[in-house]
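Just so you know, all these numbers are worked out from the coordinates, no wet-lab data involved. Note that this is a predicted model, so its numbers are computed, not measured. All Cβ positions, even for glycine, are placed from backbone atoms using ideal geometry, and neighbour counts span all protein chains on display.
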């Protein structure tokens, strides 16, 4: 059973399509200062329908169909504006190159002015107030767990009225004796309006009370017992490190041979395409580096690959030297990013030579970011389960790079690397061709928006 329904993506898509159509009608009305005739509206609607499909894909790439957590909602206005600007540019190119008998320059300007407030109202105000369950009633349940990740889940659910469920009671197992856990859980489970129980199956306090709680819960019809680890992943799209054990991670490492073979084919084809398209850039990049500081064009770095095998990667030099991860007591690099290097990093151009590693099989297009050996040793010693990253091939692009924008660079940061690991393990648990394609498309968005680092 899942408590986080997937139908919200369909609702968002249908709502966006309705807003797109309404915006076109309003734009036509504003241009003519009167309600548009039906034949005029249809004549514009036909070519714009093609654009609606392309615009929906832009919204997808822009991440506007992501999980509506508090962090996601805080970035919605900027995401919407950037996506709409891309859509208008796409529309201008469409009407310039495709002979459809229309040149709606004024319509496109009006469309942008109308679309932003309508999309904002739909997504930020209307959609966030829609009930997630068809009945409109929230499922009421109990949370039995402890630790920072359990508290974060409880606070997230309590902060968003759109979740179709609520924790009416939270039992902190770290501060509640086993006999009291049993007593309270059994009593609450028997209440008529309680429909689910979210538990930490690895919690020793719950394990001791488990048989009695299960017996009481299953006396009721339509009562579900849900693993907090799975629910946390559905809500946050990362793994709750304080709630998992190594056995849980190892049990989810395997993947099908078909997926592995197809992933390798995509890696080779993608690397060849990227390499062929980017090769003409190499002389220009090398010229910029030489003009900037007359230094070396490339650097070679040791990284930790799959199964902790060492490998060497080649990158365009972006710093005043080769960062090997040998930092001082303050954990910060003494090197600095060059003027040209700043732009190479923002556009991810410095990573292009690594397509050779993809062809060799040292890297994949998608996977956890390979770390410097000195930093890998530091993190392995201080962060539980860090070595699990080595169970799959590292990659040029990754889930953690997309979802954790506070990734530490040119220094050590235990806290942020631990947060990044939570996203790496989520990818390890859920990796698939569909997720890989999603990560590739989202990385393209990051590159185009110059958010590289």
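The ranking of 86, 18 from fewest to most other beta carbons within 10 Å of each one's beta carbon is 18, 86.
Peptide packing: for 142-151, 439-448, the average count of neighbouring Cβ atoms within 10 Å per residue gives the ranking 142-151, 439-448, highest mean first.
For the range 139-244, the spherically averaged projection of the C-alpha convex hull amounts to 6.1 nm². When the label point is put 7 Å from the Cα of residue 250 along its Cα-to-beta-carbon vector, which residues of the range 374-392 have a backbone N closer than 17 Å? What the label zone holds, given the 17 Å backbone N cut-off, is 384-392. Dividing the helix sum by the residues of the chain, where each DSSP H run of 4 or more adds -39500 (n - 2.57), gives a mean residue ellipticity at 222 nm of -17000 deg cm²/dmol. With R₀ fixed at 60 Å, the C-beta to C-beta distance from residue 178 to residue 322 puts the FRET efficiency at about 0.60. Taking label points 7 Å from Cα along the Cα-to-Cβ direction, residue 18 and residue 89 give a separation of 3.1 nm. Among 275-288, 415-428, the peptide with the highest mean count of other Cβ atoms within 10 Å heads the list, and the full ranking is 415-428, 275-288. Ordered from longest to shortest, the equivalent ellipsoid semi-axes for the range 356-433 are 19, 14, 12 Å, each the square root of 5 times a Cα gyration tensor eigenvalue. Put in order of Cβ neighbour count within 10 Å, fewest first, the listed residues 356, 399, 248 become 356, 248, 399.
Measuring between their Cα centroids, the range 236-295 and the range 173-203 lie 43 Å from each other.
Sorting 363-373, 381-391 by their mean Cβ neighbour count within 10 Å, with the most densely packed peptide first, gives 363-373, 381-391. FRET efficiency for the pair residue 162 and residue 52, taken as 1/(1 + (r/R0)^6) with r the Cβ-Cβ distance and R0 = 25 Å, rounds to 0.45.
Beta bridges per DSSP, both residues in the range 257-448: antiparallel share near 80 percent. On full extension, the segment bounded by residue 127 and residue 435 gains 108.4 nm, given 0.36 nm per residue less the C-alpha separation.
Hey, what did the range 257-448 get for relative contact order, percent, Cα under 8 Å, at least 6 apart? The normalised contact order for the range 257-448 reaches 22 percent. Residues 183, 237, arranged from fewest to most other Cβ atoms within 10 angstrom of their Cβ, appear as 183, 237. For semi-axes √(5λ) of the Cα gyration tensor in Å, computed directly from the structure shown, the correct entry in (i) 31, 25, 21; (ii) 40, 37, 18; (iii) 42, 28, 17 is (ii). Structural descriptor for the chain: relative contact order 12 percent, calculated from alpha carbon pairs under 8 angstrom and at least 6 residues apart. A simple spin-label model places pseudo-atoms 7 Å from Cα toward Cβ; at residue 356 and residue 261 they are separated by 3.1 nm.
Taking every DSSP beta bridge that has both ends in the chain, the antiparallel portion is near 35%. Distance between the 7 Å Cα→Cβ label points at residue 302 and residue 98: 5.4 nm.
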